[in-house]
Amino acid sequence: MEATPEISLAAEQIASLGGFPITNSLLLSGLVTVFIIIMSWVIRYQVALVPAGFYNAVESVVEGLFNLAESVFGNFEEAKRYFPIIAALFLFILLNNWAGLMPGVGPITSGHVPLLRGGTADLNTTLALAIISVGITQYYAMARLGFFGNVGRFINLKNPILFFVGILELVAEFAKVLSFSFRLFGNIFAGEVLLVVMAFLAPYLAPLPFIGLELFVGLVQALVFAMLTLVFLKVAVAESHNT
């Protein structure tokens, strides 16, 4: 009887460190993080007036992200302040999306469990990224308004209408976390499932067009996550100025 592909919704544990579970998605996310750190260190020493090769490609990506931040904020200084956070989120998500498509991610097993799994195909990772995104927004709003000033945006006991508006805004903050995490997880996990099924049904040429499609989807999802974070930051900062 021909074996069928096994698809697990949750990431599988492959080891533990001091009682802390190490999952296959956490392992690949760690490798992606190490890759980003090493490449950042290497690129740092390749700065040139006339960029070429790989550095030229990296500079194009960085310039595009900065232009995006500047177009949202409409201010060079504001864009420069928030750009490192947005760039870090975008690169981490993009490389995790693409890492899950690499050969060997899935087929290589450890004790009948895939050794590697795309980080963003794990709901725990996308939930953590969503909390970071919303948390960053609240941090910068608090930096502008102060702790009690920021809390006052959500809890206003002086005006019944503003009180209910504040409650709705508070609910919206939690909704952002759910929206961010499930959107990213759903798109990436569904794409990986599609590739597994196609590889099982037609293991050679059939998956190739879908791999190209998933590369594009991975780019779009990373860009959407970064763009929404930028917009929410812009709104929080604008509210701080208007308060």
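Assuming N150 fulfils every condition listed in (1) surrounded by 14 or more Cβ atoms within 10 Å (Cβ to Cβ); (2) under 28 Å from T120 (Cα atoms); (3) not aromatic (F, W, Y) apart from one, which condition is it?
If we test N150 against (1) surrounded by 14 or more Cβ atoms within 10 Å (Cβ to Cβ); (2) under 28 Å from T120 (Cα atoms); (3) not aromatic (F, W, Y), just (2) comes out false.
Please give the number of the condition F76 fails out of (1) crowded, with 19+ Cβ neighbours inside 10 Å; (2) over 26 Å from G30 (Cα atoms); (3) among the aromatic types (F, W, Y).
With (1) crowded, with 19+ Cβ neighbours inside 10 Å; (2) over 26 Å from G30 (Cα atoms); (3) among the aromatic types (F, W, Y) applied to F76, the lone miss is (1).
Would you check if there is a residue in the range 14-30 being at pLDDT 85 or above, of a type in the set (F, W, Y) and over 22 Å from the mean Cα position of the chain (by Cα)?
yes
Within the range 143-185, how many residues are under 25 Å from the mean Cα position of the chain (by Cα) and basic (K, R)?
Of the residues in that region, 2 qualify.
Of all residues in the range 153-168, count the ones that are surrounded by 15 or more Cβ atoms within 10 Å (Cβ to Cβ) and either touching an Asp or Glu at 6+ places or on another chain (Cβ under 9 Å) or not in a helix (DSSP H, G or I) (or both).
3
Just give me the residues in the range 102-120 being surrounded by fewer than 20 Cβ atoms within 10 Å (Cβ to Cβ), of a type outside the set (V, I, T) and more than 13 Å from V32 (Cα to Cα), in sequence order.
P103, G104, P107, S110, G111, H112, L115
Determine the pairs where a residue that is of a type in the set (K, R), located within the range 138-150, has a partner that is in a helix (DSSP H, G or I) with Cβ atoms under 7 Å apart, the partner being 6 or more residues away or on another chain.
Listed by first residue and then by second, the contacts come to R144/V237; R144/S240.
For the range 105-131: of the residues being part of a loop (DSSP other than H, G, I, E, B) and within 22 Å of L219 (Cβ to Cβ), which is farthest from the chain's Cα centre (by Cα)?
G106
Return the residues of the range 14-30 that are exposed (fewer than 14 other Cβ atoms within 10 Å of the Cβ) and assigned to a helix (DSSP H, G or I); say none if nothing qualifies.
G30, the sole residue that qualifies.
Can you name the condition, by its number, that R153 falls short on among (1) without any contact (Cβ under 8 Å) to a residue 40 or more places away in the chain; (2) in contact with a Gly (Cβ under 7 Å, 6 or more places away or on another chain)?
All conditions are met except number (1).
I need the full set of residues from the range 192-226 which are touching a Lys or Arg at 6+ places or on another chain (Cβ under 9 Å) and not β-branched (V, I, T), in order please.
E192, Q221, F225
Scanning for something aromatic (F, W, Y) and closer than 28 Å to G191 by Cβ, does the range 55-65 turn up at least one residue?
no
Hey, does the range 80-100 have a residue that's buried (at least 19 other Cβ atoms within 10 Å of the Cβ) and not in a helix (DSSP H, G or I)?
Yes: one or more hits.
The values are calculated or read from the model by the stated rules, or taken from the named source; none is laboratory data. Quick caveat: nothing in here was measured; it's all calculated off a predicted structure. Backbone-built Cβ (ideal geometry, glycine too); neighbour counts: all protein chains shown.
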